[in-house]
Amino acid sequence: MPAVLNGDTNIFYEIKGHGVPIIFIHPPAMGRKVFYYQGLLAEHFQVIFPDLSGNGDTTGPEKKVTILGYAEEIRAVLDHLNIDKAVILGYSSGGAIAQEFALSFPERTLGVILSGGFPEVLSEAFRYEHILGMYFVKHFPGFLRYIIATSHTNDKEVRNEILDHMKKANLNMWFESYDRSLHYSCTDRLQNLNVPLLLIYGSRDFVNQHLRSYRRYVSFQTAIIKGISHQVPTKKWQLFNQVITGFVQQQFN
(Lines give C-alpha, C1' and ligand atoms only; values in the text may rest on other atoms or scores of the structure.)
Protein backbone atom coordinates (compact mmCIF):
# COMPACT_ATOMS: atom_id res chain seq x y z
CA MET A 1 0.00 0.00 0.00
CA PRO A 2 1.37 3.48 -0.82
CA ALA A 3 2.46 5.21 2.37
CA VAL A 4 5.08 7.60 3.69
CA LEU A 5 6.75 7.27 7.06
CA ASN A 6 6.58 10.58 8.94
CA GLY A 7 8.23 10.15 12.32
CA ASP A 8 6.45 7.16 13.84
CA THR A 9 3.34 7.55 11.68
CA ASN A 10 2.82 5.69 8.42
CA ILE A 11 0.64 8.01 6.31
CA PHE A 12 -1.45 6.13 3.79
CA TYR A 13 -2.41 7.86 0.56
CA GLU A 14 -3.88 7.20 -2.85
CA ILE A 15 -2.54 8.85 -5.99
CA LYS A 16 -4.00 8.86 -9.50
CA GLY A 17 -3.52 10.64 -12.80
CA HIS A 18 -0.98 13.09 -14.19
CA GLY A 19 -0.64 16.82 -14.54
CA VAL A 20 -1.10 19.62 -12.02
CA PRO A 21 -1.01 17.99 -8.54
CA ILE A 22 -3.97 18.53 -6.21
CA ILE A 23 -3.82 17.17 -2.66
CA PHE A 24 -7.11 16.74 -0.82
CA ILE A 25 -7.47 17.31 2.94
CA HIS A 26 -10.41 15.65 4.65
CA PRO A 27 -12.41 16.74 7.73
CA PRO A 28 -11.94 14.96 11.07
CA ALA A 29 -12.65 11.20 11.03
CA MET A 30 -13.91 11.05 7.44
CA GLY A 31 -10.58 10.25 5.87
CA ARG A 32 -9.94 10.14 2.16
CA LYS A 33 -13.20 8.32 1.39
CA VAL A 34 -15.14 11.59 1.57
CA PHE A 35 -13.45 12.39 -1.77
CA TYR A 36 -14.92 9.28 -3.40
CA TYR A 37 -16.00 11.18 -6.52
CA GLN A 38 -12.93 13.36 -6.84
CA GLY A 39 -10.92 10.41 -8.08
CA LEU A 40 -12.55 11.19 -11.43
CA LEU A 41 -10.44 14.35 -11.59
CA ALA A 42 -7.48 12.09 -12.39
CA GLU A 43 -8.63 12.42 -16.01
CA HIS A 44 -7.17 15.95 -15.93
CA PHE A 45 -4.82 16.21 -12.95
CA GLN A 46 -2.66 14.29 -10.51
CA VAL A 47 -4.88 13.80 -7.47
CA ILE A 48 -3.58 12.74 -4.05
CA PHE A 49 -5.77 11.59 -1.17
CA PRO A 50 -3.99 11.06 2.18
CA ASP A 51 -5.46 9.82 5.44
CA LEU A 52 -4.11 12.13 8.12
CA SER A 53 -2.81 10.57 11.35
CA GLY A 54 -5.58 9.12 13.50
CA ASN A 55 -7.73 8.57 10.41
CA GLY A 56 -8.49 5.78 7.97
CA ASP A 57 -5.67 3.47 6.96
CA THR A 58 -2.86 5.59 8.36
CA THR A 59 -1.15 3.82 11.25
CA GLY A 60 0.92 4.92 14.21
CA PRO A 61 0.65 5.81 17.87
CA GLU A 62 -1.93 8.23 19.19
CA LYS A 63 -0.47 11.72 19.37
CA LYS A 64 -1.42 15.30 20.09
CA VAL A 65 -3.35 16.91 17.25
CA THR A 66 -2.32 20.32 15.90
CA ILE A 67 -3.33 22.08 12.70
CA LEU A 68 0.32 22.79 11.89
CA GLY A 69 1.20 19.15 12.59
CA TYR A 70 -1.33 18.04 10.00
CA ALA A 71 0.02 20.61 7.53
CA GLU A 72 3.45 19.10 8.07
CA GLU A 73 2.02 15.67 7.24
CA ILE A 74 0.77 17.07 3.93
CA ARG A 75 4.27 18.41 3.28
CA ALA A 76 5.74 14.97 4.09
CA VAL A 77 3.48 13.36 1.48
CA LEU A 78 4.52 15.91 -1.14
CA ASP A 79 8.19 15.43 -0.23
CA HIS A 80 7.81 11.67 -0.59
CA LEU A 81 6.27 12.11 -4.04
CA ASN A 82 8.93 14.67 -5.10
CA ILE A 83 6.24 17.28 -5.73
CA ASP A 84 7.60 20.81 -5.32
CA LYS A 85 4.24 22.60 -5.41
CA ALA A 86 0.62 21.51 -5.34
CA VAL A 87 -2.88 22.90 -5.24
CA ILE A 88 -4.08 22.40 -1.67
CA LEU A 89 -7.77 21.55 -1.32
CA GLY A 90 -9.45 21.40 2.07
CA TYR A 91 -13.02 20.40 2.81
CA SER A 92 -14.82 21.73 5.88
CA SER A 93 -12.41 21.67 8.86
CA GLY A 94 -9.80 20.29 6.47
CA GLY A 95 -9.74 23.85 5.16
CA ALA A 96 -7.98 25.00 8.33
CA ILE A 97 -5.14 22.63 7.50
CA ALA A 98 -5.11 23.78 3.87
CA GLN A 99 -4.84 27.43 4.91
CA GLU A 100 -2.17 26.67 7.49
CA PHE A 101 -0.17 24.80 4.87
CA ALA A 102 -0.38 27.69 2.42
CA LEU A 103 0.60 30.25 5.07
CA SER A 104 3.39 28.16 6.62
CA PHE A 105 4.78 26.71 3.37
CA PRO A 106 4.00 29.25 0.64
CA GLU A 107 6.89 27.99 -1.45
CA ARG A 108 5.10 24.62 -1.74
CA THR A 109 1.67 26.04 -2.62
CA LEU A 110 0.35 26.61 -6.13
CA GLY A 111 -3.13 27.59 -5.01
CA VAL A 112 -5.80 26.92 -2.40
CA ILE A 113 -9.33 25.56 -2.81
CA LEU A 114 -11.66 25.56 0.19
CA SER A 115 -15.03 23.83 0.23
CA GLY A 116 -17.06 25.07 3.19
CA GLY A 117 -13.95 26.80 4.50
CA PHE A 118 -13.50 29.40 7.23
CA PRO A 119 -10.56 31.36 8.65
CA GLU A 120 -11.98 30.99 12.16
CA VAL A 121 -15.23 29.99 13.85
CA LEU A 122 -17.18 33.23 14.01
CA SER A 123 -20.81 32.45 14.81
CA GLU A 124 -22.36 30.95 17.91
CA ALA A 125 -24.22 28.40 15.77
CA PHE A 126 -20.98 27.17 14.21
CA ARG A 127 -19.28 27.14 17.61
CA TYR A 128 -22.14 25.08 19.01
CA GLU A 129 -21.88 22.65 16.10
CA HIS A 130 -18.24 21.97 17.01
CA ILE A 131 -19.08 21.52 20.69
CA LEU A 132 -21.95 19.20 19.86
CA GLY A 133 -19.65 17.16 17.63
CA MET A 134 -17.14 16.85 20.47
CA TYR A 135 -19.89 15.70 22.82
CA PHE A 136 -21.04 13.00 20.42
CA VAL A 137 -17.48 11.81 19.75
CA LYS A 138 -17.12 11.27 23.51
CA HIS A 139 -20.49 9.69 24.19
CA PHE A 140 -22.12 8.45 20.96
CA PRO A 141 -19.43 8.04 18.27
CA GLY A 142 -21.35 5.35 16.40
CA PHE A 143 -24.38 7.59 16.06
CA LEU A 144 -22.22 10.52 14.92
CA ARG A 145 -20.49 8.37 12.29
CA TYR A 146 -23.88 7.30 10.95
CA ILE A 147 -25.25 10.87 10.85
CA ILE A 148 -22.18 12.20 9.04
CA ALA A 149 -22.02 9.37 6.52
CA THR A 150 -25.74 9.45 5.68
CA SER A 151 -25.76 13.25 5.40
CA HIS A 152 -23.10 13.06 2.70
CA THR A 153 -24.74 10.76 0.20
CA ASN A 154 -27.89 8.88 -0.73
CA ASP A 155 -25.82 6.20 -2.46
CA LYS A 156 -25.77 3.19 -0.14
CA GLU A 157 -22.45 1.86 -1.44
CA VAL A 158 -20.66 5.18 -1.02
CA ARG A 159 -22.29 5.74 2.38
CA ASN A 160 -21.07 2.36 3.61
CA GLU A 161 -17.55 3.02 2.35
CA ILE A 162 -17.44 6.32 4.24
CA LEU A 163 -19.00 4.77 7.33
CA ASP A 164 -16.59 1.82 7.42
CA HIS A 165 -13.66 4.17 6.93
CA MET A 166 -14.82 6.40 9.79
CA LYS A 167 -14.82 3.41 12.14
CA LYS A 168 -11.02 3.38 11.85
CA ALA A 169 -10.63 6.89 13.31
CA ASN A 170 -8.95 7.31 16.67
CA LEU A 171 -11.64 8.77 18.93
CA ASN A 172 -9.33 10.92 21.04
CA MET A 173 -7.70 12.43 17.96
CA TRP A 174 -11.12 12.96 16.38
CA PHE A 175 -12.20 14.88 19.49
CA GLU A 176 -9.00 16.93 19.48
CA SER A 177 -9.41 17.72 15.79
CA TYR A 178 -12.80 19.30 16.45
CA ASP A 179 -11.31 21.25 19.35
CA ARG A 180 -8.38 22.52 17.24
CA SER A 181 -10.77 23.52 14.46
CA LEU A 182 -12.95 25.37 16.96
CA HIS A 183 -10.02 27.42 18.26
CA TYR A 184 -8.09 27.87 15.01
CA SER A 185 -7.73 31.31 13.46
CA CYS A 186 -5.69 32.54 10.54
CA THR A 187 -7.71 35.72 9.96
CA ASP A 188 -4.84 37.99 10.92
CA ARG A 189 -2.59 36.25 8.38
CA LEU A 190 -4.96 36.10 5.40
CA GLN A 191 -3.28 39.11 3.81
CA ASN A 192 -0.21 36.88 3.44
CA LEU A 193 -2.07 34.39 1.29
CA ASN A 194 -0.61 35.34 -2.07
CA VAL A 195 -1.73 32.45 -4.25
CA PRO A 196 -4.95 31.93 -6.24
CA LEU A 197 -7.80 31.12 -3.87
CA LEU A 198 -11.13 29.48 -4.72
CA LEU A 199 -13.97 29.34 -2.19
CA ILE A 200 -16.80 26.86 -2.77
CA TYR A 201 -19.98 26.85 -0.68
CA GLY A 202 -23.44 25.39 -0.81
CA SER A 203 -26.12 28.06 -1.02
CA ARG A 204 -27.82 26.60 2.07
CA ASP A 205 -24.64 26.32 4.13
CA PHE A 206 -24.50 28.83 6.99
CA VAL A 207 -20.70 28.54 6.85
CA ASN A 208 -20.83 30.69 3.71
CA GLN A 209 -21.20 33.72 5.99
CA HIS A 210 -17.40 33.53 6.27
CA LEU A 211 -17.17 35.01 2.78
CA ARG A 212 -17.37 38.38 4.53
CA SER A 213 -14.16 37.67 6.43
CA TYR A 214 -12.26 36.68 3.31
CA ARG A 215 -13.42 39.80 1.46
CA ARG A 216 -11.74 42.01 4.06
CA TYR A 217 -8.30 40.52 3.64
CA VAL A 218 -7.74 38.60 0.41
CA SER A 219 -8.85 38.35 -3.21
CA PHE A 220 -10.46 35.13 -4.38
CA GLN A 221 -12.82 33.45 -6.78
CA THR A 222 -16.02 31.96 -5.47
CA ALA A 223 -18.59 29.37 -6.50
CA ILE A 224 -21.94 29.06 -4.72
CA ILE A 225 -23.61 25.73 -5.50
CA LYS A 226 -27.38 26.03 -5.40
CA GLY A 227 -29.69 23.66 -3.55
CA ILE A 228 -27.15 22.15 -1.18
CA SER A 229 -25.78 22.78 2.27
CA HIS A 230 -22.29 21.73 3.36
CA GLN A 231 -21.74 18.40 1.60
CA VAL A 232 -20.84 19.72 -1.84
CA PRO A 233 -18.02 17.24 -2.70
CA THR A 234 -20.37 14.26 -2.44
CA LYS A 235 -23.90 15.55 -3.06
CA LYS A 236 -23.03 17.93 -5.91
CA TRP A 237 -19.86 16.24 -7.03
CA GLN A 238 -20.36 16.84 -10.75
CA LEU A 239 -20.52 20.61 -10.28
CA PHE A 240 -17.79 20.50 -7.64
CA ASN A 241 -15.43 18.67 -9.99
CA GLN A 242 -16.37 20.99 -12.85
CA VAL A 243 -15.58 24.09 -10.80
CA ILE A 244 -12.24 22.65 -9.67
CA THR A 245 -11.32 21.70 -13.24
CA GLY A 246 -12.08 25.19 -14.54
CA PHE A 247 -10.16 26.92 -11.77
CA VAL A 248 -7.04 24.76 -12.00
CA GLN A 249 -6.92 24.82 -15.79
CA GLN A 250 -7.41 28.61 -15.84
CA GLN A 251 -4.77 29.28 -13.19
CA PHE A 252 -2.08 26.65 -13.72
CA ASN A 253 -2.23 25.04 -17.18
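Details
- Flag for Leu52 being in contact with a His (Cβ under 8 Å, 6 or more places away or on another chain) and in contact (Cβ under 8 Å) with a residue 12 or more places away in the chain: yes
- Cβ-Cβ under 8 Å pairs, at least 6 apart or on other chains, segment 142-160 side closer than 13 Å to Pro27 by Cβ, far side hydroxyl-bearing (Ser, Thr, Tyr) and in a helix (DSSP H, G or I): His152/Thr234
- Residue check, Asp188 under 25 Å from Phe240 (Cβ atoms), charged (D, E, K, R) and without any contact (Cβ under 8 Å) to a residue 12 or more places away in the chain: no
- Picking from residues in segment 91-129 that are of a type in the set (D, E, K, R) and free of Cβ contacts under 8 Å to residues at least 40 places away in the same chain, the one that is nearest to Val243 (Cα to Cα) is Arg108.
- Look at segment 223-239: where a residue is under 16 Å from His26 (Cα atoms) and open to solvent by less than 20 Å² (accessible area, probe 1.4 Å) and a partner is among the polar types (S, T, N, Q) and modelled with pLDDT of 95 or more, sitting 6+ places away or on another chain with Cβ atoms under 7 Å, you get Val232/Ser115; Pro233/Gln38; Pro233/Ser115; Thr234/Thr153.
- Positions within segment 50-62 being in contact with an Asp or Glu (Cβ under 8 Å, 6 or more places away or on another chain) and open to solvent by 10 Å² or more (accessible area, probe 1.4 Å), in sequence order: Gly54, Asp57, Thr58, Gly60, Pro61
- Of all residues in segment 193-208 being open to solvent by 50 Å² or more (accessible area, probe 1.4 Å) and in contact (Cβ under 8 Å) with a residue 40 or more places away in the chain, the one that is nearest to Lys85 (Cα to Cα): Asn194
- Checked across segment 180-198, the condition of being touching an Asp or Glu at 6+ places or on another chain (Cβ under 6 Å) and closer than 22 Å to Val65 by Cα holds for at least one residue.
- Cβ-Cβ distances below 6 Å connect the following pairs, each with a first residue in segment 23-45 that is closer than 14 Å to Val232 by Cα, a second residue that is assigned to a loop (DSSP other than H, G, I, E, B), and a separation of six or more residues or different chains: Pro27/Ser92; Pro27/Ser93; Val34/His26.
The values are calculated or read from the model by the stated rules, or taken from the named source; none is laboratory data. Small disclaimer: the values here were computed from a predicted structure and weren't measured. Because the Cβ atoms are built from the backbone with ideal geometry, glycine has one as well, and the counts that use them run over all protein chains shown. Note: areas computed on protein heavy atoms with side chains; ligands, DNA, RNA excluded. Shrake-Rupley method; radii C 1.70, N 1.55, O 1.52, S 1.80 Å.
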